[in-house]
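What follows is a set of notes on a single structure, which appears directly below.
Read-outs throughout are calculated quantities, based only on the coordinates presented, and are distinct from any laboratory measurement. Keep in mind the model is a prediction, meaning the values are calculated, not measured. Positions of Cβ are backbone-derived with ideal geometry, glycine not excepted, and every protein chain shown enters the neighbour counts.
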Amino acid sequence: MTNADPYKVELDVFEGPLDLLLYLIKQDELDIYDIPIERITRQYMQYLDIMKMLDLNIAGEFIVMAATLMMIKSRMLLPVEERPEMEDEEDPRWDLVRQLVEYKKFKDAAMHLGDLEARQENMFSRTGEGIQLGPEPDIALEDVSIFDLISAFNEALKKAPREELKEIFAEQFTVADKIDHIMGLMRQRGKASLSRLLAGMTHRYEMVCTFLAILELIRLKQVRARQSGHFGDIDLVPFEEE
């Protein structure tokens with residue numbers, strides 16, 4: 001970001017590096033027990049670069065994981081006879097795989113408990129005739145993760161024309177103005193497609209300001225990001241307190 005727009009988004013909750021790795025594995029439908037380390041490392045570093053470009057608060061554990069991936073990658077590039085001798089020679093990726101599997105178990109268990117709690121809230125202690133909660137919607141929209149948002153932003157960024165982020169653009173676009181613009185769209189249309197919102201922009205700096213505005217609105221619980229299906233299009237809808 002430039003000095004012309006000092007607005008900085010502070011995220012209260014930010015998923016960690018293991019969440020990002022699991023996201024990348026799921027996105028490409030990879031085998032968690034046979035991770036293509038070079039490919040995953042390249043993708044992980046791309047996401048890290050995007051987060052740095054957006055000036056997000058990157059916890060030190062993200063940097064540590066980047067170093068770990070680079071170390072594993074370098075070990076796997078070495079011929080077997082040149083690798084440091086270990087008591088039990090094993091795949092250099094195995095320690096990371098163990099971490100991911102254990103973390104996924106706890107994460108899935110937490111999600112399951114959360115679902116049970118949500119269902120319990122909709123149960124009635126007394127039965128009554130004629131009580132109907134209504135049919136389930138045809139397409140269930142789920143809240144998306146920060147990595148879904150970064151992925152959509154990255155795809156839009158790839159299609160944008162290459163340009164230098166000059167000061168003239170910084171004067172034209174600010175995060176605060178984009179917040180007002182997005183809230184205006186919410187009032188007029190009720191929702192907005194993230195991909196269409198970014199696709200209509202010609203300057204990369206404008207896209208950065210818009211994305212930061214979306215993150216800030218999500219943090220302030222003014223907007224909620226929902227997604228139909230895995231890795232589908234993302235819709236921005238007004239936040240409704242449950």
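Show me 34-44, 99-109 ranked by packing, highest mean number of other Cβ atoms within 10 Å first. Intermediate values should be presented prior to the final figure.
Details: 34-44: 16.9, 99-109: 12.8.
Top of the packing list down: 34-44, 99-109.
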* Asked: Can you list the HN-Hα couplings for segment 66-72, worked out from phi with the Karplus curve (6.51, -1.76, 1.60; θ = phi - 60°), rounded to whole Hz and with x for Gly and Pro?
  -> 4, 5, 5, 4, 5, 5, 4
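Please order Glu61, Glu206 by the number of other Cβ within 10 Å, starting at the fewest. Display every interim value, and only then the final one.
On the way: Glu61 11, Glu206 20.
Ranking Glu61, Glu206 by Cβ neighbours within 10 Å, fewest first, gives Glu61, Glu206.
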* Structure fact -> Which residues qualify? For Arg224, with a placed amide H closer than 5 Å and at least 5 residues away or on another chain, they are Val237, Phe239
